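Just below is one structure, and these are the notes that go with it.
The values are calculated or read from the model by the stated rules, or taken from the named source; none is laboratory data. The structure presented is a predicted model; accordingly, all values stated were derived computationally and were not measured. Backbone-built Cβ (ideal geometry, glycine too); neighbour counts: all protein chains shown.
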Amino acid sequence: MECNFFFFREDGNASVIGPGIDLTAYSTGLTDITIPRLQPMTFSKGIGLDPGTIGAISTTVRRINSVLFEVRIVAPLLNNVRTVNQRMLAFTPIFRFTVDIQTWNIWLSRWQEKYIASDLPKAVPQEIAADYAEGVRCLNAEAFRACVVMFRRSLESAATERGGTGNNLLSALQSLVERRIISTANHALATGVRMFGNYGAHPSTDQLSSVSRDDAELVLQVTRQLLKKMFEN
């Protein structure tokens, strides 16, 4: 059997989540040439909840306050077994369920805590990884300004660790471009985040007067990508 997961965008179009899951393993073949031997249901592949898919679902659920999921199972079914009319049919039940924004945020928090916070190269220094993980926890707690502060701190420390120089984060990252530690595209990505701009240490200049969840999640994704690039070797 195979199971596929979908979510519906606000325009009603279905988007697949992940590569699908093989629910049945036949390790010993067939019992009498025609009938598969029953085996325990197993998950041979994980659901592809990559950051892009997560972002697309989050966009939908925040615009319409809920998101519709669909599970489609494709199962082979033998009809008229051991007769001249034996045929293999496809049985395809479909299940739909709706998730509201509160439930989705809980799911998202658990996913971020388990996967994103642990998805850094082993070469990332412990203190930098700890700042990053604390940023994830702040995001899950909806402390969005604190989240940005911790992600900026982790990037500033990472840039210093890799020999970056300059009087602010973007200039330090530019020096890493010149040393070919990160690419021009990576620097351009950081430049597009307003909270990474020319910010100061005081409330009137820290660029944190208004930080939304979308802002915080963007900072998370950019920080994650830059840290992975800085310490990938």
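Here PHE151 clears all of (1) in the same structural domain as LEU226 (by TED's automatic domain parsing); (2) more than 18 Å from the chain's Cα centre (by Cα); (3) not hydroxyl-bearing (Ser, Thr, Tyr) except the condition numbered (2). Residues in the stretch 223-233 that are within 12 Å of HIS187 (Cα to Cα), touching a residue at least 40 places away in the same chain (Cβ under 8 Å) and surrounded by fewer than 20 Cβ atoms within 10 Å (Cβ to Cβ): LYS229 only.
Of ALA159, ALA133, ALA146, all but one fail to be among the hydrophobic types (A, V, I, L, M, F, W, C), more than 30 Å from GLN102 (Cβ to Cβ) and at pLDDT 85 or above; the exception is ALA159. In the set (1) at pLDDT below 90; (2) surrounded by 20 or more Cβ atoms within 10 Å (Cβ to Cβ), GLY164 fails one condition alone, (1).
A residue that is surrounded by fewer than 18 Cβ atoms within 10 Å (Cβ to Cβ) and more than 17 Å from the chain's Cα centre (by Cα) can be found somewhere in the stretch 128-137. Can you confirm whether the stretch 75-86 contains a residue that is touching a Leu at 6+ places or on another chain (Cβ under 8 Å), in a loop (DSSP other than H, G, I, E, B), modelled with pLDDT of 75 or more and not hydrophobic (A, V, I, L, M, F, W, C)? The answer is yes; a qualifying residue exists. When THR24, THR42 are checked against the criterion of being modelled with pLDDT under 60, exposed (fewer than 14 other Cβ atoms within 10 Å of the Cβ) and among the hydroxyl-bearing types (Ser, Thr, Tyr), a single residue qualifies: THR42.
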